[in-house]
Amino acid sequence: MLNICTPQLSILIVNYNGGELLTACVASAFNTELALEIVLGDNGSSDDSLLLLRRSYGDNPHLTIIENGANLGFAAAHNRLIARATAPLLLLLNPDCLIAPCTLEQLLNFANATPDAGMIGGIVRDPDGREQVASRRVIPDPWIGLVQVLQLERWLPETTRPFRLNLTAQPLPPQPQRVAAISGAAMLVRRTALDTIGLLDEGYFLHCEDLDWFVRCSRANWGIYLVPSATFIHHKGHCSKARPVRVEWHKHRGMARFFRKFQQNEHSLPFNLLVLFGIWSHFILIASHSSLHQLWQRIRQR
């Protein structure tokens, strides 16, 4: 039973065709004694996700549903929810992400005990329990990107060790630690930190807006922390599987924007052009492969 008082936590969810996972996500959020509110923005879903959610929680006074009528993108939709939220701590949660028991309590306890924590994350796992690759990571740069694209860590494991994007091969830290980045699937943000770093950059539509936030948070001297005992189960890609090429386009567009915004001033013009060429060449390869795969699937089904 939830406490009826000013919420300690606002959980913000942007939904786009989340299906039955959306209801499961909300159910996992309400599995707590904390006083919380859930503010959900729907980006023009065409499935039955809102219908299913309203059947289960439509009369819950702690749930607010806002229908945007169109797909505003991750950043713009979340900024609307932030404006509606009332708690001092905000959890931006993907609609295909489930919160493990006691995770919210652990995150709030750590936030209350760590006043310099601007953002806090936990360990994000696949449904089978394996840690997802983006659960622990660093801020990417062109050299890390090159290692990722060419999969050089497979052939030069020792040489490329300083240029790894994902840190999930390392042992879990025994206690909370300060990090450069957390998973964008579940980000706890302090309201007073937002007053310093600002809202999400709406120039991103999908992907890399979280990295942008992490850089601004660190530059403003707010800490980003990982609490390894806090766990989320992420059904990754559930809401974007219908349009993989479009998702990749937004992802690569976000990469290019992030590089231009934070890193291009560190390099020469020829190097910058080479990086941008590499980003879009990588997109063309992925899009071509995806399109050919879809074509082959249609041919097989005839």
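The values are calculated or read from the model by the stated rules, or taken from the named source; none is laboratory data. Here the structure is a predicted model, which means the values were calculated and not measured. Ideal geometry is used to build each Cβ from the backbone, glycine not excepted, and the neighbour counts take in all protein chains shown.
Quick notes on this one:
- Among the residues making up the stretch 250-275, those that are surrounded by fewer than 16 Cβ atoms within 10 Å (Cβ to Cβ) and of a type in the set (A, V, I, L, M) are Leu269, Leu273, Leu274.
- Tally, over the stretch 247-276, of residues that are free of Cβ contacts under 8 Å to residues at least 40 places away in the same chain and outside any helix (DSSP H, G or I): 1
- If the condition is being free of Cβ contacts under 8 Å to residues at least 40 places away in the same chain and more than 21 Å from the chain's Cα centre (by Cα), then the stretch 68-87 contributes only Gly69.
- Asp210 vs. criteria in the same structural domain as Ile99 (by TED's automatic domain parsing), under 22 Å from Val149 (Cα atoms) and in contact (Cβ under 8 Å) with a residue 24 or more places away in the chain: yes
- Test result for Gly145, out of contact with any Asp or Glu (no Cβ under 7 Å at 6 or more places or on another chain), small (Gly, Ala, Ser) and modelled with pLDDT of 95 or more: no
- Total residues in the stretch 174-195 satisfying the condition of being more than 15 Å from the chain's Cα centre (by Cα) and either at pLDDT below 95 or within 24 Å of Ile38 (Cβ to Cβ) (or both): the figure is 7.
- Whenever a residue of the stretch 125-147 is assigned by TED's automatic domain parsing to the domain that holds Leu172 and more than 16 Å from Thr168 (Cα to Cα), it has no partner that is surrounded by 17 or more Cβ atoms within 10 Å (Cβ to Cβ) and polar (S, T, N, Q) lying with C-beta atoms less than 9 angstrom away and at least six residues away or across chains.
- Hits in the stretch 171-223 (condition: in a loop (DSSP other than H, G, I, E, B) and among the hydroxyl-bearing types (Ser, Thr, Tyr)): Ser183, Tyr204
- Where a residue in the stretch 179-195 is in the same structural domain as Glu209 (by TED's automatic domain parsing) and its partner, wherever it lies, is of a type in the set (Phe, Trp, Tyr), with Cβ under 7 Å and at least six apart: Val179/Tyr225; Ala180/Phe214; Ala181/Phe214; Ala185/Phe232; Ala186/Phe232; Ala193/Trp222
- Candidates Pro244, Pro228 - the one that is closer than 30 Å to Leu285 by Cβ and either of a type outside the set (S, T, N, Q) or in contact (Cβ under 8 Å) with a residue 60 or more places away in the chain (or both): Pro244
- Unique match (being surrounded by fewer than 21 Cβ atoms within 10 Å (Cβ to Cβ) and under 20 Å from the mean Cα position of the chain (by Cα)) among Arg136, Arg161, Arg130, Arg154: Arg130
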